[in-house]
Structure formats: structure tokens, C-alpha cells
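Heads up: the structure comes next, in C-alpha cells.
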Amino acid sequence: MLKNKLIKHHKFKTVIILICIFLLINQFMPRNSKHIFPDAIALEASKALSYFPELADVDIKFKFKNHIKKSTMQAQPVFSSFLRTRNKRSYVILISKKIKIDDKEFNTKDIPSNVMIGWLGHELGHIIDYQNKNSLQLIWFGITYLLSESHIVEAERAADTFAVSHGMSDYILETKNFILNHADINDSYKLRIKKYYLSPEEIMELVKLNAKKTQPTD
């Protein structure tokens, strides 16, 4: 009898502690009602979004998906908002639930936190790019992305550039190095990263260039 009471008391204390932790997280990580993301990546999504204050009033939903062809994440305008003005558009960032590495798969949410932040930062870079386009430009962008490999290179490098220029270079580099140096990631995926995205060396050069621009002139 006494043992059962002690077990119930322990369970009650555990529940109270978990509730307190949840309330503290919500207090120190307030969510923007325009930004919706799964709890599994709440910390990473909030951190990545903090580097893009101009997206504070933009509707963005982060959503896990079972499979994304040839990609791990994909940022795109919500179809119903495609023809709206920039300030009324909505976007979704699709995140593949699993990354396939040779014959094995692992959950995307389990990759290192800083790598996830960098990956999300790249996708937010795409949204910055979309926000700079009117509806016709956005439609043309979508068409050329599907039909032109050179346009894919241009778009992916632009997203990297926007993320780096917003102060996310360390995270973007960590993501690149995670992919390129991971022994289990197949070579075809690594080649795709090398082909379409900025290399770590190019990112460092971009950081130096941005630093020169911000230096005060005599």
C-alpha cells in the first residue's frame, strides 16, 4: 500500500516537473503565430527564423513529409497564395522524414541540431528569394527551375548566399561539412551538393567579402 502511494507520488512529481519545463520553454521561446513547425524541430526552426527578421510577418509552415524526390527539404509558395501580393503569400517548407544513406535510413529530426539549423536557414534563403519576386517572376522561376539545370544552380546558390548574408555562415558550413564529410552518405548525393550549391571555400570567401563591405571607410 505504502509502496503504491510512493509510486503515485513519484509519477505526480514527474508530471509536474515536465509541465514546468514545457512552460519555461514556451516562455523563453515565444512562437510567432505566423510560423508553424513541429515540436521535434521547434528549437532549430526558431533559431533559423531569428536570422530573418523580415520574415516575421510572413506565413511559413514547416512540415514533415514521407519523401521528397532528390531532396531533403523544399521551400515553396502555397499554391493558393501563388498569385497574391508578396506581403500576403504563404510558404511551406517540406522536410523529408528520413534521409537515405546507401541501404540505410535515419530520421531527419535526429541529425545534429546545428546541421538542422543550417539546412532550415538555406530553405529560408529560398523564401527571401521568392519574396523579392512578383507573381509573374515567381511563375517563371518555377518553370525554369523544372526545365533548366543552370537555373537550379543559380537558385540554390542564391539561397546559400542569402543565408550567409544574414549571418548564418557557421551553420551553413556545418551543414555542408556534415554532408560532404559523412562517410555513410552516398557519393551521388555529395556530387549533387557540390554541383548545385556553394562550396565551403566559396562560403568563406563570401564571408570575407561581406566583412569588407561592413568595414568603416576612412
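Coordinate-derived values only; no laboratory data. Fair warning: this is a prediction, and the values are worked out from it, not measured in the lab. Using ideal geometry, Cβ is built from the backbone for each residue, glycine included, and neighbour counts are taken over all protein chains shown.
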Reach of LYS63 by Cα under 18 Å, taken over aspartates and glutamates that are not fewer than 8 positions away in the same chain:
ASP39, GLU44, ASP110, GLU123
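Please arrange TRP119, TRP140 by how many other C-beta atoms lie within 10 Å of their C-beta, fewest to most. Spell out each step's value before the answer.
On the way: TRP119 26, TRP140 13.
Ranking TRP119, TRP140 by Cβ neighbours within 10 Å, fewest first, gives TRP140, TRP119.
Based on other C-beta atoms within 10 Å, arrange LEU43, LEU124 from fewest to most. Mind showing how you got there, number by number?
Details: LEU43 15, LEU124 26.
Fewest to most other Cβ atoms nearby, the residues stand as LEU43, LEU124.
Is there a pair in LYS34/LYS65; LYS61/LYS190; LYS34/LYS133 whose C-alpha atoms are over 23 Å apart, and which pairs would that be? Each step should come with its number before you reach the end.
On the way: LYS34/LYS65 20 Å; LYS61/LYS190 28 Å; LYS34/LYS133 21 Å.
Listed pairs above 23 Å: LYS61/LYS190.
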If you take the charge dipole of segment 97-218 about its Cα centre, with +1 on Lys and Arg Cβ and -1 on Asp and Glu Cβ, which of GLY118, MET204, ASN132 is farthest toward its positive end?
ASN132
Check which residues have an amide H placed less than 5 Å from TYR91's amide H, if you skip close sequence neighbours.
ASP59, ILE60, LYS61, VAL78
